[in-house]
Amino acid sequence: TPTVRVTLGATTVALGGEAPIERARYARVGETIHMVAGGLARAADRPATGFVARRLVPEDAEISAIERETFRVVRATNTEDATWSVARSNATPAKGAAKTLTSAWSGATAVDVKQREGGDAPDPMIRVHLKGREEPLRFIRLGAEGGDTDNAPTNVAITRPDLPVRYTVTGPTAERLFTLERKTVDSTG
């Protein structure tokens, strides 16, 4: 008797009870019974968000620009190395700020992914342009989560309007993703 059914396109895999030998589970595809790894049933029984990649930008993607209403960072197109520059900014950026921002987005990984409930806040939105993709990935910072005690870190919820998910990233990660590091002014002298 199946305990979990997974449908992929036109194929349904029904996962049943444990096999008495080999620590496996029975799986039926069509009229054929197979034995599969026992962990497959646990994985198949996860909510849909359990299958969403935690990386905000695909690992194999090449970022060509990052923009927000207050700044735009672009990759130089006339060189083969990863030269990044600030094309527009409302504040004076720190040296290397463009590369720091791009590195943050290239490796950004959520600590959790859940289904998004409710509407989106319109700001701040950031657009990450990828080479070979016409439309940029759009991300919206929804706000802080957790951190109700002095010792608990504050996490930040981020969403993509085109996906019904809410990514949770650490507060420091969110700051690196949504701000362009500014030049500090030395007031000592």
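The values are calculated or read from the model by the stated rules, or taken from the named source; none is laboratory data. These numbers were taken from a predicted model, which means no experiment stands behind them. Backbone-built Cβ (ideal geometry, glycine too); neighbour counts: all protein chains shown. These accessible areas exclude ligands, DNA and RNA; they are computed on the full protein's heavy atoms, side chains included. Shrake-Rupley method; radii C 1.70, N 1.55, O 1.52, S 1.80 Å.
The single condition among (1) farther than 24 Å from THR179 by Cα; (2) at pLDDT 90 or above that ALA41 does not satisfy is (2).
Consider region 115-140 and keep the residues that are at pLDDT below 90 and open to solvent by 60 Å² or more (accessible area, probe 1.4 Å). The one that is nearest to VAL169 (Cα to Cα) is GLN115.
Scanning region 160-189 for residues that are buried (at least 19 other Cβ atoms within 10 Å of the Cβ) and either more than 28 Å from THR92 (Cβ to Cβ) or at pLDDT below 75 (or both) turns up ARG166, TYR167, THR168. A single member of ALA19, ALA48, ALA65, ALA27 is under 30 Å from ALA98 (Cβ atoms) and either among the hydrophobic types (A, V, I, L, M, F, W, C) or in contact with a helix residue (DSSP H, G or I) (Cβ under 6 Å, 6 or more places away or on another chain) (or both), and it is ALA65. For region 1-20, a residue qualifies if it is farther than 10 Å from MET35 by Cα, in a loop (DSSP other than H, G, I, E, B) and over 30 Å from the mean Cα position of the chain (by Cα), and the qualifying residues are THR1, PRO2, THR3, PRO20.
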